[in-house]
2 protein chains.
Amino acid sequence: MTPTDPAPDRDPAPESDGTRPPTTRRRRPGGRTARIRTQVLDAVLGELGEHGYDGLTMDAVAARSGVHRTTVYRRWGDVGGLLADVLDAAGDDDWEPPDTGSLEGDLAALNQEIQAALTAEPPIVTALIAASFRSEKAADAQQRLWEDRYARCEIIVGRAVRRDELPPRTDARRLLVAATAPLYHELVLLRTPPDPHLPACAARTAALAATAGAFTEPPSASDR
Amino acid sequence: MTPTDPAPDRDPAPESDGTRPPTTRRRRPGGRTARIRTQVLDAVLGELGEHGYDGLTMDAVAARSGVHRTTVYRRWGDVGGLLADVLDAAGDDDWEPPDTGSLEGDLAALNQEIQAALTAEPPIVTALIAASFRSEKAADAQQRLWEDRYARCEIIVGRAVRRDELPPRTDARRLLVAATAPLYHELVLLRTPPDPHLPACAARTAALAATAGAFTEPPSASDR
């Protein structure tokens, strides 16, 4: 993944990060800080993938990252802080949902991405979800990440409305949750083996229901 | 709950449960064993509701139950064993899914039960789900419980087929997962506040999709 490298400096000041000898002091703002963050978060992912939450300790992350443990404790506080920052960093990207030209196609492609993430080896995503049941900080960050992802996916529904595939007042979030929830339910909670048909089947179910007006707002009028 | 097995009286000493003096030796088979199990599992639920998984210890359960700790360790082994037995006991009932006269009504009533369980105080059900991410024994038992519940719910789909609400070859499990998954997803994973419309809305979505043939077998023919 990213450079690790040893932890040479043990500068006296507690603020020192002690990672690599900077060629110049006061480089571009955030350069060294960002590099250390990358090293540490990569180490968290490595430890989590190999040992799961139970094997994740501040000292193991510090050792694996090559960043001085004082720095790791000072900046991230505890394992929950590390996990929260991993999740925040994961959301700090330019990911966009698939654009296949149809609602069902977009949802199926999205579900394929979700199923791939939930069945990847090492099981980073499922380990992070499991960790969110152990740490409030991780839970809050996981929630932020998911809400951000669902917000980004609303464009799928907007495009479908513009293509006249859906009624204008379609509740995007409900539709997206209906399309994706069966994957999380089967793979994370029920722990059933991955079903290669499920991403497309769940997408088709949600698209059929949406076309039939299941997600048309306002819910108070359309739901019993 | 149900009686378990004999293996009751091994008095005295390490096997002694030290709970209450049995009025007679060798009562009906399993009476004392079943009573001890009830006391211990009730204590697990009490501790879990008050302190969550992190506060759950063998010793606290023994103290709360009034059963000798030696017995608790001998019979349940560890916290995972206690949780697994709580989950197994929860499935050992005569629960049947609601029968309202319509597919959508049955699914909505089922979802109301699920939402009530997932939002109850103390949060026993969510604590057990969280615990299933910490203990393989609990995870296996949680999986058994859910699979049993989904199997019992298949009668909802069977009744709907007999009422000609659904095509005969409807995949009951997929339909049931589609109907219920959004509740688990929102309340357990996304941790959104309970939405009073969600049980009915998710039921309606699944019923609309089912009526449109979304769950008609075989999936290989009906899915892309």
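Taking the Cα centre of region A:103-218 as origin and charging only Cβ (+1 Lys, Arg; -1 Asp, Glu), how large is the dipole, in debye to the nearest 20?
That gives a dipole near 140 debye.
With only alpha-carbon pairs counted, each pair once and no self-pairs, how large is the Kirkwood hydrodynamic radius of region B:111-224 in angstroms?
15.3
Report the percentage of all Cα-Cα pairs in region A:42-116 whose separation exceeds 14 Å, rounded to a whole percent.
That tail contains 67 percent of the Cα-Cα pairs.
In region B:23-180, with Lys and Arg counted as +1 and Asp and Glu as -1 at Cβ, which of these residues, B:ALA60, B:TYR150, B:SER132, has the Cα nearest the positive end of the dipole, that is, farthest along it?
B:ALA60
Under a Cβ-Cβ cut-off of 10 Å, what is the net charge of the residues other than A:GLY91 that fall near it, where Lys and Arg count +1 and Asp and Glu count -1?
-2
Can you figure out the FRET efficiency of A:GLU165 with A:HIS197, using R₀ = 22 Å and their beta-carbon distance, to the nearest 0.05?
After rounding to 0.05, the efficiency reads 0.45.
Probe radius 1.4 Å, ligands and nucleic acids left out: which of B:TRP146, A:TRP95 has the largest accessible area, and how do the rest follow?
Putting B:TRP146, A:TRP95 in descending order of accessible area: A:TRP95, B:TRP146.
Just report the Cα centroid separation between region B:158-191 and region A:47-103, whole Å.
That distance is 36 Å.
Quick one: grab the alpha carbon gyration tensor of region B:25-159, order the square roots of its eigenvalues as a ≥ b ≥ c, and give me rounded if a/c is under 1.5, else prolate or oblate depending on whether a/b is larger than b/c.
Because a/c hits 1.5 or more and a/b exceeds b/c, region B:25-159 counts as prolate.
If one takes the accessible area of chain B alone plus chain A alone and subtracts that of the pair, with a 1.4 Å probe, what total in Å², rounded to the nearest 100, results?
4100
How crowded by other chains is A:167-180, given as the mean number of beta carbons from other chains within 10 Å of each beta carbon?
Mean shielding count: 3.
Would you rank A:THR170, A:THR33 by solvent-accessible area, highest first, keeping every protein chain in place and using a 1.4 Å probe?
A:THR33, A:THR170
The values are calculated or read from the model by the stated rules, or taken from the named source; none is laboratory data. Just so we're clear, the structure is a prediction, and the values are computed from it rather than from any experiment. Note that each Cβ is placed from the backbone with ideal geometry, even for glycine, and that neighbours are counted across all protein chains shown. To get the accessible areas, we keep the full protein, side chains included, count just its heavy atoms, and leave off ligands, DNA and RNA. Shrake-Rupley method; radii C 1.70, N 1.55, O 1.52, S 1.80 Å.
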